[in-house]
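Right, one structure below, let's go through it.
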Amino acid sequence: MTAISLAERSRLEKKYPEVFRQSFMRRWGLLVGIGLTLLYLVFCWFFFSVGPALQNGKWDRAGIYIQDWYSWRAQPRLRFEDGAVVPQWSSRGQYAEGADIDWLTPHDDGSMTATFGSDDDRLDITTSQVDVYVDGAPWPVTITDDGAFAPEGAPAAIEQDGRKVVVHYGFAGQAEIRDNQVAVQRRFLGWANFLYDPRSPLWGNDLFDTVGLIFTGHGQQVLSEWLGNRAWQHADILAKLMQTLVMAFVGTLFATLVAFPLAFVAARTITPNRAANWLMKRGFDFLRSIDMLIWALFFTRGFGPGPIPGIAAIFFTDTGALGKVYAEALENVDDKQREGVKSVGASPASVNRFGVVPQVLPVFISQSLYFWESNTRSATIIGAVGAGGIGLKLLEAMGTNSDWDKVAYMVLLILGVVFLFDNVSNAIRSRLIGPAAH
Amino acid sequence: MTDVPLSPASETLLRHYRSQVLTRRVYSVIGVLLVLVALFAAMNYANAANSGKFFDRIPYLFDFLKNFVPNDPLEIFRAMFDIESPYYDGSLKYDYTSDRHYLTESLYIPNFVYQLIITVNIAVVSTIIGGSIAFCLCFFAATNLVGAGAVRWIVRRIMEVLRAFPEIVIAGLLTAVLSIGPIAAIAAVSLHTIGALGKLFFEVVENADMKPEEGLRSVGATWLERVRFAIVPQVLPNFVSYTLLRAEINVRASTIIGAVGGGGIGEVFRLSIGRDHAAKTYAIVILLLVTIVCIDQFSGWLRRRLVGNQSFELGRGAA
């Protein structure tokens, strides 16, 4: 590189002063903006007391909740009764009465073996002693009336916690040994009893068997047993999903139908009446600015919970939003076509029908499709507020803190539906206005 | 008009034209009929599933409003600014003063204003966080900047999932871990913002003019330098405009998330309408309306200054 001479430099500086002497804002504006934003975030850190909240969070539970999304737990209590070990299942028992459980084997002498993944990790349970096998090595835990006690030198997986012993087997589960029972928690990948609940006559059939059943003419029974699954409530969940979809569909469609004629009144170029334009536009603004939440809660009071308040909420907000968008599109139409139609003596209605509508219809439909898509998502959340649908179901499932597998199932359903609708509406839009325009 | 005899060629043309018009009409009619059938089926379904039936409830729809009148109009403003009510009888309904947030001995922020500040702050923080992450991600999703198909595919799928993931689930999961509070709302709205803004951003990047990029490439600039000096200056105004639009949407989103456990004005509103506290409810509705209108106007003005009128025609539906 050659150095620039002093004369050349001053000549350049004189010729392009705006490049060399930029204003303070141009030079430092970005940095100042970033600095202020960071300051604001720091302020919010304290305003929302994020630090203490994160510290007080129950992070150990978070891990369990996440695992519950894709796996399930069997948690029998193995009680010591009269020298024998008797399993006792909670109300959410995932096994049918008297079923053979491959990881829990009772023996004739009243003892019981619980395996965690392989024979190297297992518990041999008698009422006086539990042999804990960790990686093949036995560690006898003695049980007295005072509690359960781990042997000296036991590995970290076997933990003495006061008068009980906790054995950790990682993902496969854990066991809590006490003086009168062993509480076993055994975790498996997948969702328990997703097809049939234990009370169903078809319980125990896996997906492969089910396909076989369908082809041997038991389709009717398979369907009714699957829908009637008491643990998963497929019928209810699908009905609620349907309600959510109906809310979005009917709400958006009604909003489109109502906003369409009103937009003609609001558009300056179509209706030459300033007062009408102004009133209609402010009306749209009003509908739009009242939060969807307010509409939803208001109509829930009016109609009672269910899809109708959801429909009404979407309808009112979107009539405002779509009306505004439509009116803007109408004000931007090409005047030549209207003049052409007018010049042959057409009535005002015909001018709009043949001079305006063909220009704006694709834009209108495409906008409505966008709103439909986004409403499919927002209908979920309005539902949670009280309008019903899958949102409320999700909120209920999350409230119990033990149905995270069901939450995962509903999330998958919602994701699937949203993707499907995205693609459908994209396809319609491409056909209407060409692939380039969206 | 007189009938002019047509040549055989024109005759054929006319026939084809007419048959095409006919096909088109038939398709239109079928399409409209299908939509109508779907609409009526859906409405019937909705009516059957609702706990109150539409036509039974319509006459009584406003009954609840009739009983939902504050004792006098001034009550609304007393509730809004936490001024003691003359109707105070020890019940929550007329208790406006106990939730004041004192800054000093005598100076306080009214509760609803305070809750509103929380909600707006949630929206702003999530827009900043989500926008920044979307800004970093969007360049990896653009066809003209990233050659590797796998990277682009993964980034785009991540954005799609974030966009479609129900916000209440994120909020609910975090509420279970962190207990009820604004952090859950911030996380939920931020994650959604990443997906929504990311999509709009990468579409802007893909439409950017590649000539400056080529110029920089010719003098040996690295990928990062090319993005920083060739692409970012072009797309920044549009990015800012979309971010502002998103901020408007996020104010509404954080209100709703608040109602399902995120705190802020949404929660207060749900409680007050559920408990029939008329004056409080109207106070919140007015506050929310004013806030949303103000924010819309302000961001509209700012966007118009930044990118001109075109900012109002782009990406409207990408909510």
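Here are the numbers:
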{"quantity": "Inter-chain shielding of B:158-167 (mean C-beta neighbours from other protein chains, 10 Å cut-off)", "calculated": "5"}
{"quantity": "Whole-angstrom gap from the stretch B:163-229 to the stretch A:370-384, using each part's C-alpha centre", "calculated": "21"}
{"quantity": "Under 26 Å from residue B:53, Cα to Cα: lysines that are on another chain or at least 8 residues apart", "calculated": "A:240, A:393, B:66"}
{"quantity": "Whole-Å semi-axes of the stretch B:8-59's equivalent ellipsoid (Cα gyration tensor)", "calculated": "46, 9, 4"}
{"quantity": "Largest-first principal axis extents of the Cα set of the protein assembly as shown (Å)", "calculated": "107, 84, 73"}
{"quantity": "Fewest-first sequence of A:325, B:293 by Cβ atoms within 10 Å of each Cβ", "calculated": "B:293, A:325"}
{"quantity": "Taking all pairs of distinct alpha-carbon atoms in chain A, Kirkwood radius in angstrom", "calculated": "28.8"}
{"quantity": "Protection proxy ranking, peptides A:266-279, A:157-170, average beta carbon neighbours within 10 Å, highest first", "calculated": "A:157-170, A:266-279"}
{"quantity": "Dimensionless Rg ratio for the stretch A:52-175, taking C-alpha atoms and the 2.2 N^0.38 Å reference", "calculated": "1.17"}
{"quantity": "Average beta-carbon neighbours from other chains, 10 Å sphere, peptide A:284-296", "calculated": "5"}
{"quantity": "Environment charge at residue A:413 (Cβ cut-off 11 Å; Lys +1, Arg +1, Asp -1, Glu -1)", "calculated": "+3"}
{"quantity": "Three semi-axes of the equivalent ellipsoid, the stretch A:210-309, Cα gyration tensor, whole Å, largest first", "calculated": "47, 17, 8"}
{"quantity": "Cα centroid separation, the stretch A:170-194 to the stretch B:66-98 (Å)", "calculated": "54"}
{"quantity": "Sorted by Cβ neighbour density within 10 Å, fewest at the top, the residues B:138, B:294", "calculated": "B:294, B:138"}
{"quantity": "Order of B:87, A:133 under a 10 Å beta carbon neighbour criterion, fewest first", "calculated": "B:87, A:133"}
{"quantity": "Dimensionless Rg ratio for the stretch A:116-251, taking C-alpha atoms and the 2.2 N^0.38 Å reference", "calculated": "1.59"}
{"quantity": "Net charge over other residues, Cβ less than 15 angstrom from the Cβ of residue B:96 (K, R count +1; D, E count -1)", "calculated": "-2"}
{"quantity": "Calculated [θ] (222 nm, deg cm²/dmol) that DSSP helices of n ≥ 4 give over chain A, each run adding -39,500 (n - 2.57)", "calculated": "-17500 deg cm²/dmol"}
{"quantity": "For the stretch B:90-99, Karplus couplings with θ = phi - 60° (6.51, -1.76, 1.60), whole Hz, Gly/Pro x", "calculated": "x, 8, 4, 4, 10, 8, 9, 8, 6, 9"}
{"quantity": "Neighbourhood net charge (13 Å Cβ-Cβ; Lys/Arg +1, Asp/Glu -1) for residue A:266", "calculated": "+3"}
{"quantity": "Peptide B:198-207 - average C-beta neighbours from other chains (10 Å radius)", "calculated": "0"}
{"quantity": "Candidate lysines for bridging to residue A:15, where Cα separation is under 26 Å - those fewer than 8 sequence places away on the same chain excluded", "calculated": "B:211"}
{"quantity": "Segments B:62-71, A:19-28 sorted - mean Cβ within 10 Å per residue, highest first", "calculated": "B:62-71, A:19-28"}
{"quantity": "Spatial separation of Cα centroids for the stretch A:253-302 and the stretch A:21-85, in angstrom", "calculated": "41"}
{"quantity": "Proportion of all alpha-carbon pairs of the stretch A:234-437 beyond 30 Å (%)", "calculated": "32"}
{"quantity": "Karplus 3J(HN,Hα) series, Hz, for the stretch A:198-210 with 6.51 cos²θ - 1.76 cosθ + 1.60 (x for Gly, Pro)", "calculated": "x, 7, 6, x, 8, 4, x, 6, 8, 4, 5, 4, 4"}
{"quantity": "As computed over chain B, the Cα convex hull volume per residue (Å³)", "calculated": "305"}
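Computed from the coordinates by the stated procedures, all read-outs in this text should not be read as laboratory data. Please read these numbers as outputs of a predicted model, since none were measured by experiment. Heads up, the Cβs are rebuilt from the backbone with ideal geometry, glycines too, and the neighbour counts pull from every protein chain shown.
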